Every structure is written in structure tokens, then in C-alpha cells.
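Below: the structure, in C-alpha cells.
The values are calculated or read from the model by the stated rules, or taken from the named source; none is laboratory data. Because the structure is a prediction, the values reported are computed rather than measured. Heads up, the Cβs are rebuilt from the backbone with ideal geometry, glycines too, and the neighbour counts pull from every protein chain shown.
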Amino acid sequence: MNFNQSDDRRMLADSLDRYLAEQYSIETRHAITKSATGYSPEQWAKFAELGLIGALFTEAQGGFGGTGFDIATVFESLGRGLVVEPVLATAVLAGSALAHAGNDAQKALIEEIIAGGLIATLAHEEADAHYALNRVSTRATRDGDHYVIDGAKAVVPFADQAQQIIVSARTSGNVDDEAGISLFIVPAGTAGLSLRAYGNVDGTRAAEVAFSHVRVPASALLGAEGQGHATLEHAVGRGLLALAAESLGAMEVCKKATIEYLQTRKQFGKVIGSFQALQHRMATVLLEVEQARSAVINAASALDGDDRIARERALSAAKYTAGKTGTLVAEESIQLHGGIGVTWELPMPHYAKRLVMIDHVLGDEDHHLQRFASLGHGEI
């Protein structure tokens, strides 16, 4: 396995890091999170111009990357910059679903995403699903040349800003069956579609989305009827890698800031970094961050492999490690900073909130630890 970035990825990461350091300060982020949209259209357009979005798609899809390592490179930079724009929701979750199952007309939406002209999202989570991809109670009933969708989705990222929402609905089978799940592209503003938007604790946005007799044409079906589970697994798998890499980037910032603080803050006439107890705690943080990096590299390598079990285990392992280590890094960084570590003006608490929040997106550490074990036993 090659642990070194290619020259192209290194150049992309350097460009993103430099841009975010110069144009995406913590004050800029605060202003964006307080805005009505919850993201900056200007920053989104700039990301498209820099090639950030195109790097998440293959050349055949209109991009210039699309591999696991491309996703990891981009999202590690986004994690370092604490970016709130809907890259995960639009380019990874919705974009991957379109690329995996869309027909030619539907894949044309990918061009709009890469150009920065379209916000899209995936509405799959339900309040009682407990992160299970196969648990879908929202129903879609065939009615002539249309489908009628009824149900509700929870914590849908940036649903209030999305022009297109990809929703999972059951067209046959029981609520827990893998077979019988279908995906539909529903334009914003469709009759019967309602939502309640809110801000999350980490500055991102989400919404509760309700479908009440939402009528869409048969052409809105994404992929074959009843075969949506494989597309969901594909899109969510790429999302798991993205989140793990984003967490890694945020952890690196927290680690670096904490080391600098320990080397400058004085107590009893000495820098506190000279105290052995604090050195031991920081050494644990450094070790755990490197283990998280290894898990991300392993998942990135496995993402495009043909062995489903190996791929999904690597992705769950990376997400579990990101959740576990991210929480540890957030807690230790704040405690080693002391009271200043929770002040609004300092970037640290905002990174900490994002690290903790990442654990609860697309499955927390408990879910992925159980999934990792179940995959190893051939249970799923």
C-alpha cells in the first residue's frame, strides 16, 4: 500500500489549505453559520472553481478524481478548515447516488454539481431507523405513470437549501427488507413536500422532511425499482470515508493548537508542557490520531475494491475510529487548554463540537463497531 500522496493530490491539498487559511477564517465561518442559508454561495462557487468538487468524481462522470484517496485528501482539508458548506450532502451523498444509479438525463445533474450550480441532498435517515440502511418505512406507491410518496425523513443535511432531494422509499417488502427500497429525485417545492429546518450544534444545517402524497413522475425513479439498497450502501460508504477524513483534519488542528499552548502557557514558573502528566496525556492523543490516520488510509484503499465485506469493514472501522478518537481529542484538547478552551473566540471549541457531531452522522461508534463485527461473521 502506498502511503504517499500523488503529486496531483498534494497540489490540490496545498491549494485548498492555502485558500482556507487565507479566506475561511473562524470569523468568516461564524458569519456563514449565522446567515439565512447556513452556507456561503460565494465560497461554494469558489470551491467549484478550485476543483474541490470535481476531485470527488471520476473523469467519466465529468470530474478528475473520484477515488478513495481523492475523497480523503479533500475532506481532510475541509476538516482542517472547519468548512460548513454542503460538500458531503451534495457531492458525496447525492452525487454518488446519481453516479451509481442514474440514467443519462439524471447524471446531467452531476455536471451542475461540479460547476457549483446545484445543491442536492440525500434524504434517507428516519427517526426510528437507528442508522440501519435497510430500515425504510417511507412508502412510494405506483399510480399509473407516477409514484406517490408518503413518509418522513430525519436530520436531512441542507434540505432547506437543496434544489433536488434524493429520497429513499419502500415500493415493496417489509420495513427491514433490503429488497424493495427505491430512490426518487424530488425537486424542491414539489406539492406535498414540507420541511422544518434548523441549525445543528456544530454550525451545520439540517431539516426534518415530510412527504404527504408527494406525486412524482416515473422518470424520477433513480435506478431500478426496489434495487436502491446497493446505491445507498455505495453513497453512504463514500460518506463514511469523507467523514473519517474530515475528522482527521480537525483532529490535526486540535493537536497542533494544544501542543503550541502547552509550549507557551506557564504555571509555577514553567511551561505546562514540561509537566510529565500532561506530556503523557498529549502522547496518548498523538498516538490515537496516528491510528485514526491509518484507518482512513485503509478505508481509502479499500473503497474501490471488489471485496464488499473487506470494503465495508474498512469503512466501518474508519468511522468507528474517527468517532472514538475524535471525542478523545476534543475532550483532551479542551481540558489541556483549561477554561480558555471553551471560549467562543477561540477556534478550539468549534472544532471540538464538529468532532463530536461527526460521530453521530451516518452511524455512531457503537453502530459501526457492531456492524464491523457482524460483517466479519457474515451476518449482513
Tally of residues being on the phi > 0 side of the Ramachandran plot and touching a residue at least 24 places away in the same chain (Cβ under 8 Å) across segment 234-279: 0
Among the residues listed as Lys324, Lys319, the single one being outside any loop (DSSP other than H, G, I, E, B), out of contact with any His (no Cβ under 7 Å at 6 or more places or on another chain) and closer than 11 Å to Ser247 by Cα: Lys324
Scan of segment 23-55 for residues that are of a type in the set (Ser, Thr, Tyr) and under 23 Å from Gly239 (Cβ atoms), ordered by number: Tyr24, Thr33, Thr37, Tyr39, Ser40
Hey, Arg196 under 27 Å from Ala31 (Cα atoms) and either part of a loop (DSSP other than H, G, I, E, B) or among the basic types (Lys, Arg) (or both) or not: yes
Members of segment 157-175 that are β-branched (Val, Ile, Thr) and buried (at least 24 other Cβ atoms within 10 Å of the Cβ): Ile165, Ile166, Val167
Close pairs (8 angstrom Cβ cut-off, 6 or more residues apart or separate chains): assigned by TED's automatic domain parsing to the domain that holds Glu312 and under 18 Å from Leu232 (Cβ atoms) in segment 351-380, in a loop (DSSP other than H, G, I, E, B) and of a type in the set (Gly, Ala, Ser) anywhere: Arg371/Gly363
Failed criterion for Val214 (all others in (1) of a type outside the set (Lys, Arg); (2) without any contact (Cβ under 8 Å) to a residue 60 or more places away in the chain; (3) closer than 23 Å to Ala105 by Cβ; (4) surrounded by 16 or more Cβ atoms within 10 Å (Cβ to Cβ) hold): (2)
Pairs where the first residue, in segment 67-83, is within 17 Å of Asp7 (Cα to Cα) and the second is β-branched (Val, Ile, Thr) and crowded, with 24+ Cβ neighbours inside 10 Å, C-beta under 6 Å, 6+ apart: Ala72/Val296
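Rundown of residues vs (1) in the same structural domain as Glu85 (by TED's automatic domain parsing); (2) outside any helix (DSSP H, G or I); (3) at pLDDT 95 or above, yes/no style:
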| residue | (1), (2), (3) |
| --- | --- |
| Ile113 | yes, no, yes |
| Ala127 | no, yes, no |
| His130 | no, yes, no |
| Val136 | no, yes, yes |
| Thr141 | no, yes, yes |
| Asp150 | no, yes, yes |
| Asp160 | no, yes, yes |
| Ile165 | no, yes, yes |
| Ser172 | no, yes, yes |
Residue match in segment 307-330 (condition: within 19 Å of Thr284 (Cα to Cα) and aromatic (Phe, Trp, Tyr)): yes
